[in-house]
């Protein structure tokens, strides 16, 4: 009988990206919209090229730090840790 792996929430933070920095520096409404689109696409492409389709659930993008939250297994977190462009993958910690 195969065991089912538990999905937990992880935060993924990306390495320095000059395009992200340029868009973030543009404080206009249009610049904010462009930044949101850029990050959403960038994060979706990273997940699509590193993990199996349907095996994860991205919950949000974090524009202030170029990162995102995703529900994945521990094994998938390890795969993302070695992906190009990823700086840090950290499991969400509940505070008591």
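Things to note:
- In this entry, residue 28 passes the filter for residues that are more than 14 Å from residue 14 (Cα to Cα) and modelled with pLDDT under 95.
- Residue within region 16-23 that is farther than 19 Å from residue 92 by Cβ and touching a helix residue (DSSP H, G or I) at 6+ places or on another chain (Cβ under 6 Å) present: yes
The values are calculated or read from the model by the stated rules, or taken from the named source; none is laboratory data. The structure displayed is predicted, hence computed values, not measured ones. Glycine also receives a Cβ, built like all others from the backbone with ideal geometry; neighbour counts cover every protein chain displayed.
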